[in-house]
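Structure first, commentary second.
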Amino acid sequence: MAFLEPYHGAIEVAQIIVSIALMVSILLQARGASLGSVFGGTGAVFKTRRGIDKLLFNATIVFAILFVLISFVASAIPVPATTTPTTIPTGQ
């Protein structure tokens with residue numbers, strides 16, 4: 001996918017933005033099963049998602065799919081070659 005090489009920087013920025021949006025959408029979701037289910041409480045509480053919960057749930061799925069797709073595209077793009085070689089000083 002060398003034709004996308006000029007857009008390498010833009011794809012990296014898009015990946016960062018989508019990853020932040022994915023993290024925020026995960027953290028904003030209400031916790032369904034709390035620690036009470038770990039200590040013997042019933043964790044079988046099912047509720048129907050409505051309104052903002054449903055929107056946030058669907059947005060999380062969309063952000064996750066976008067993140068995976070952008071990651072595959074970014075990994076297939078060859079990294080642009082630098083014009084000057086970088087060398088490490090030897091200290092002589």
Residues being of a type in the set (A, V, I, L, M, F, W, C), surrounded by 11 or more Cβ atoms within 10 Å (Cβ to Cβ) and either outside any loop (DSSP other than H, G, I, E, B) or at pLDDT 95 or above (or both): count how many of those fall in segment 28-51. 1
Residue among SER19, SER25 that alone is surrounded by 13 or more Cβ atoms within 10 Å (Cβ to Cβ), more than 30 Å from PRO78 (Cα to Cα), small (Gly, Ala, Ser) and at pLDDT 65 or above: SER25
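The values are calculated or read from the model by the stated rules, or taken from the named source; none is laboratory data. Small disclaimer: the values here were computed from a predicted structure and weren't measured. Glycine gets a Cβ as well: all are built from the backbone with ideal geometry, and neighbour counts include every protein chain shown.
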